[in-house]
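Encoded as structure tokens, the structure appears first; notes follow it.
Rule-based calculations on the coordinates, nothing more; no lab input. All figures in this text were calculated on a predicted structure; none of them were measured in a lab. Cβ placement follows ideal geometry from the backbone for every residue including glycine, while neighbour counts extend to all protein chains displayed.
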Amino acid sequence: MAQEAGTLAEHSARRTAEEARLLEERLAQEKAAGQTRGQAVAASAATLLDQAEMKAAEAVRESARELNAKSRAEEKDRYLRDYLEPKKKLGLMERLRRGLTKKQIDKDIKDVTAERTAWRTEEGEARTAARDAKVEAWALIRTSKLAEQFRDVDATKFAPDDVTTVTERLATMRGQLPDIELRIDRRDAQKLTRLQGEATQYTEAAAKHRTTAAAARTEQARRADMAKRHPELYDIETKARRSYAVQQKRAAAEQSRARAQESAGYHRTPPNQGRGGPSAGRR
């Protein structure tokens, strides 16, 4: 048993030590190159945020174009409703008095209606472009390996409804880059310390098991030699060992029963109550 445990501990020690060695080499290489893993991740995230922010800025511009087109379309709509459409109801004498012709009125209404339609078309196109740019800006983060780093601002979920929220969250992500860099590098250092500690523990355990196994082999050899040279003495010692083992088991069983009975008696005994009766001050 001790031999098997020692073999297992040695295997674990070698495996953990190798993992620690590889990690230590990687950290040393990063240090020599002048960029840790945390710094590399932060730099990659910064580049990705640059792209996302450009798309978000595009979404903002398209949203502004949408609002402008909507305003111009509504302006044309009011002009038609409040100024041109009423002219169609004018009688012949009123039109002549104002110097208007029915043909001119119809042409003005047609021209302004076309302008309104054009502004409505631009409004719809700008709205679609703003939505697509907003979704693309967020998707750059959400579909990347870096999304988990920004989980606290819902980077792994779909894009927020409005571009203002997207812009604000991208700014929050950029502000988190120093913390992400520090967190990753700290975890690497902590992992190396943990692996080195575990490797030491496994090595010490393996040595202990080897010592125990060696002592067991020595004892087995001594008893085998005793059985060969002094069989009577060997039988006496064997019986004594068995008797001692039985006594130990009985003693352990008795202690266990005693503790169980003591515990059961404690739970059955009601708490002591003071004797009732009138107090010394009462008559």
request  = For Lys89, go through the lysines and keep the ones whose alpha-carbon is under 18 Å away, minus same-chain ones fewer than eight residues off.
outcome  = Lys102, Lys103, Lys107, Lys110
note = Connecting every pair of Cα atoms under 10 Å apart in the chain and solving the GNM, the largest mean-square fluctuation among Glu58, Glu94, Glu123 falls on Glu94
message = Using Stokes-Einstein with the Kirkwood hydrodynamic radius over Cα pairs, what translational diffusion coefficient do you get for the range 10-115 at 10 °C and a viscosity of 1.306 mPa s, in µm²/s rounded to a whole number?
response = 76
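Quick one: work out Rg over Rh on the C-alpha atoms of the range 2-203, Rh as Kirkwood radius.
Dividing the radius of gyration by the Kirkwood radius yields 1.44.
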remark   = For the chain, longest principal axis from Cα atoms; helix 102-142 axis from its Cα atoms; angle between them, nearest 10 degrees, is 10
Highest-MSF residue in the chain out of Leu90, Leu195, Leu80 [GNM, Cα springs under 10 Å] = Leu90
key: Proximal lysines relative to Lys134, as straight alpha-carbon distance under 17 Å, when same-chain residues fewer than 8 apart are discounted   = Lys55, Lys157
query = Given the range 100-141 reduced to its alpha-carbon atoms as identical point scatterers, what log10 I(q)/I(0) does the Debye formula return at q = 0.15, 0.24, 0.32 Å⁻¹?
reply = -0.53, -0.77, -0.94
note = For the range 152-238 the chymotrypsin sites (Phe, Trp or Tyr not before Pro) that pass both the DSSP coil test and the at-most-11 other-Cβ-within-10 Å test are Phe158
